[in-house]
Amino acid sequence: MSISLVRCKEITALSAPIIGIQFAQVALTSTDLLMMGLLSVQALAAGGMALLLYNQLRTMCVGMVTGVGNMIAGTAGAGEKRSGNDTLDHQAIEEIHDLVRSSLLLATVVSIVAAAILVALGFGLTVAGQSPQVAALARPIMATLSLGLIPMLWLNVLRQFAVGMRRPGSLLGVTIASIAVNALLNAVFIFGWLGIPKLGLAGIGIATTLVQLWTVLVYLRWLLRDKTLRPLLAFNIWRARPDTLKRIVSMGIPISLTYGSEAAITSVATVLMGTFGPLALAASNIVNQLAYIVYQLNIGLSHGASILISRLHGKGDVHLVRDIGQNTLAISFTLMAAIALVYIVLPGAVLWPFMGDTHDPVLYAMASTLLWFAIVHQYAKGSQNICIGLMRGLGNTKAGFSSTLIGYWVVGIPCMLLCAYGFGWQGYGVWGGLCIGFATTSVLLWRRFHHATAQHHGLAQPE
């Protein structure tokens, strides 16, 4: 493996702002889970289930517009090549305008459909084996969370646009503010401050939706103040070209299904954990949220590397693709090792914020044991996501979906069932099977990547 400090710096410079935006999103659900711990174990179990299903749909929605960043990067690269310098020609500007307006139209339609699905899922929880008490508590927060899908997806379209232009900006300040505002609004709605009725879990969903709307407005304001990006924005969605919409959808469907498959195996694992009781489900929800926070680092790295590769393609330069992949993986593994060390040395400090007032020794024991599975989980899942981004940069969005079908559904879920019920390992067996599924997918994807880059290196050789 060839590691270059210069290459790592380039990848980090583009990925860091993306990671900041990812954390802005996960900060909301993490704060929500923290506040749920102030209510009860039942509320933690039900609210965690609602957040998991919300994240399932949110992830699939994001997948539908993720390819827009790559398309804009490729268009910009081609425009710079035609102009002979770092400026965009007229053709590239028009193409970017249409990509932005078309993706905003698609985001609006997709998020409305997803919101309706999330509400409907609330009425099917008992069919999936959840207790009536958990299902009854989960339905109100699922309904209020659904409204936030619309501004959330608008934010992701704007993010893909800015990332594609290699000017993602920073949402660090917004991230910090959103955590504070969300926590305050959660408390207001949960406990009925300022004369507002006590809304419990439903109030948490309302708070998150309001913060989602605020975040997209803040990010839009930043884009409009950027002299480079503002002329490239286009909000007249009624002028979206059908062929451009078709291109975005064609690229987005495999990405969405890949992300959906990835989120679905976690949802299946959570449903299985629920069959072992509220304590097992609550412990799994806590550790899963921790893993989800860490995962944002790899998502940012994946996006950053993917955009760099797409721009190389637009300029007709492919010989650095494998180098970008190797350096991105090196950055990821270094970060994962540091986080794993914290899990091992300070498990109590890691879990304490999510335990709230639920000082249950059994819950703590289960969660601290699951942290060991989370270490394997974050390596395997993070590695596969980075490779999915690299393959997307190469223009291949189908490899991720086909690999997840095998890794998750042919290997992962059967291993969950076998370990949990066949071997009698219960919740630990569920997480063991989950890790096996992610590891299998990661191996399959990296084999595909090395094969693809070998072909590109061959094409890049002079005749």
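The values are calculated or read from the model by the stated rules, or taken from the named source; none is laboratory data. Only a predicted model underlies this, so the values are computations on that prediction, with no experimental measurement involved. Positions of Cβ are generated from backbone atoms using ideal geometry, with glycine treated the same way; all protein chains shown enter the neighbour counts.
Within the stretch 188-220, if we keep just the residues that are farther than 25 Å from Ala115 by Cβ and in a helix (DSSP H, G or I), the residue that is farthest from the chain's Cα centre (by Cα) turns out to be Gly195. Do we find a residue being assigned to a helix (DSSP H, G or I), hydrophobic (A, V, I, L, M, F, W, C), more than 24 Å from Ile72 (Cβ to Cβ) and at pLDDT 85 or above anywhere in the stretch 294-303? Yes, the stretch 294-303 has at least one match. Here Gln42 fulfils each of the conditions (1) surrounded by fewer than 23 Cβ atoms within 10 Å (Cβ to Cβ); (2) in contact with an Asp or Glu (Cβ under 9 Å, 6 or more places away or on another chain); (3) within 27 Å of Lys198 (Cβ to Cβ); (4) not aromatic (Phe, Trp, Tyr) apart from (2).
For every residue, the table says whether it meets (1) buried (at least 16 other Cβ atoms within 10 Å of the Cβ); (2) modelled with pLDDT of 90 or more; (3) under 23 Å from Thr266 (Cα atoms).
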| position | (1), (2), (3) |
| --- | --- |
| Gly348 | no, no, no |
| His359 | no, no, no |
| Leu363 | yes, no, yes |
| Trp372 | yes, yes, yes |
| Val376 | yes, yes, yes |
| Ala380 | yes, yes, yes |
| Phe401 | yes, no, yes |
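The residues of the stretch 258-277 that are farther than 20 Å from Ala380 by Cβ and either crowded, with 19+ Cβ neighbours inside 10 Å or without any contact (Cβ under 8 Å) to a residue 60 or more places away in the chain (or both), listed by number, are Gly274, Gly277. Looking for something more than 23 Å from Thr108 (Cβ to Cβ) and under 21 Å from the mean Cα position of the chain (by Cα) - is there at least one such residue anywhere in the stretch 34-41? Yes - at least one qualifying residue is present in the stretch 34-41. Filtering the stretch 223-248 to residues that are of a type in the set (Lys, Arg) and under 20 Å from Gly169 (Cα atoms) leaves Arg225, Lys227, Arg230.
It is to be established whether one or more residues within the stretch 94-106 are free of Cβ contacts under 8 Å to residues at least 60 places away in the same chain, assigned to a helix (DSSP H, G or I), of a type in the set (Gly, Ala, Ser) and touching a helix residue (DSSP H, G or I) at 6+ places or on another chain (Cβ under 6 Å). No: the stretch 94-106 contains no residue that is free of Cβ contacts under 8 Å to residues at least 60 places away in the same chain, assigned to a helix (DSSP H, G or I), of a type in the set (Gly, Ala, Ser) and touching a helix residue (DSSP H, G or I) at 6+ places or on another chain (Cβ under 6 Å). Taking first residues from the stretch 315-328 that are under 19 Å from Met71 (Cα atoms) and outside any loop (DSSP other than H, G, I, E, B) and partners that are at pLDDT below 85 and not hydrophobic (A, V, I, L, M, F, W, C), the Cβ contacts under 7 Å between residues at least 6 apart in sequence or on separate chains come to Val321/Thr453; Val321/His456; Ile324/Arg7.
Remark: pairs (first residue in the stretch 61-74, closer than 17 Å to Asn396 by Cβ; second residue of a type in the set (Phe, Trp, Tyr) and surrounded by 24 or more Cβ atoms within 10 Å (Cβ to Cβ); Cβ separation under 6 Å; 6+ apart in sequence or on different chains) = Gly63/Tyr259. Listed by first and then second residue, the pairs with beta-carbon distance under 6 Å, at least 6 apart or on different chains, first residue in the stretch 424-439 and touching a residue at least 40 places away in the same chain (Cβ under 8 Å) and more than 12 Å from Ser284 (Cα to Cα), second hydroxyl-bearing (Ser, Thr, Tyr) and assigned to a helix (DSSP H, G or I), are Gly437/Tyr408.
Restricted to the stretch 196-244, and to residues there that are more than 30 Å from Gly48 (Cβ to Cβ), among the aliphatic types (A, V, I, L, M) and out of contact with any Asp or Glu (no Cβ under 9 Å at 6 or more places or on another chain), the residue that is surrounded by the most Cβ atoms within 10 Å (Cβ to Cβ) is Leu232. Note on the stretch 89-105: among residues that are among the aliphatic types (A, V, I, L, M) and within 27 Å of the chain's Cα centre (by Cα), the one that is surrounded by the most Cβ atoms within 10 Å (Cβ to Cβ) is Leu99.
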